[in-house]
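Take a look at the structure set out below.
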Amino acid sequence: MTSTIRRKHCVRKDIGGRSPLPNSRLLTPAKKILQARARINRQRFGIRCLLVLIVKSQESAIRKKEAFMRLNERQQAVFMQRTDTWYQRLKRRAQAAGQTLDYPLADLRHYVFHNLGRHHCHYCCGPVDPGTFEIDAKIPPERGGSFNFHNMAVVCKDCGQAKGWLDHFEYRELISLLRSWAPRIRRNFIARLQAGRNIPLHLNHDGRVSGE
Ligand SMILES: [Zn+2]
């Protein structure tokens, strides 16, 4: 009886009782209703998803703005000025190396802003603030690193000045070694590294510092 009813609903009268579809694709009214409901739900869900995304992005923009407003006026001005200075500096360095930056100033600001905080240094988890942050190349350009966004890290002033030509793996190893030393010795060693930062290294063809 059920199969008779189903057949009755499935058969199209306008083509002489023959269905244009194979049996597996026959649609009963119930299936049609279910499919229609599913389609409507998909559309509704899609619209709801879109609305949720829009609301979330608006909330995120508001949160960012609020976080930025938590910096006082002087910090905001310093942040804007230092990010601009860093961007121009990196741009010049990239041009000198025959490269271009693959990100605009706004991306740099966004990245730096999200890495400000008491424990945000990429290497030592020290404080990073608008007045002292530095931009570091994880793999120094002098050793084949690029000026691309993915090679960039926001670091504290001490790390920015001490890392020099070490790559990020080597510098992390150095930091873990330094942590096992007495604080006084550690400070002395870091001061020596920072002092030597501006001394250019002239490597011989065999990789040794000239004069060795
Ligand atoms: Zn650091």
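The values are calculated or read from the model by the stated rules, or taken from the named source; none is laboratory data. Every value quoted in this text rests on a predicted model; they were computed, and no experiment measured them. All Cβ positions, even for glycine, are placed from backbone atoms using ideal geometry, and neighbour counts span all protein chains on display.
Laid out as a table, the results:
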| read-out | value |
| --- | --- |
| One residue from ASP84, ASP102 being at pLDDT 70 or above, surrounded by 10 or more Cβ atoms within 10 Å (Cβ to Cβ) and not in a helix (DSSP H, G or I) | ASP102 |
| Contacts under 7 angstrom Cβ, first residue in region 145-159 being at negative phi and in the same structural domain as ALA94 (by TED's automatic domain parsing), partner within 8 Å of the ligand (Cβ to nearest atom) and of a type in the set (Gly, Ala, Ser), 6 or more apart | CYS156/GLY126; ASP158/GLY126 |
| Number of positions in region 143-178 that are of a type outside the set (Gly, Ala, Ser) and away from the ligand (no atom under 12 Å from the Cβ) | 14 |
| Check on LEU90, in a helix (DSSP H, G or I) and in the same structural domain as ARG172 (by TED's automatic domain parsing) | yes |
| Conditions (1) within 25 Å of GLU73 (Cβ to Cβ); (2) surrounded by fewer than 17 Cβ atoms within 10 Å (Cβ to Cβ): number failed by SER180 | (1) |
| Residue match in region 108-129 (condition: in a helix (DSSP H, G or I), at pLDDT 95 or above, more than 16 Å from the ligand (Cβ to nearest atom) and among the hydrophobic types (A, V, I, L, M, F, W, C)) | yes |
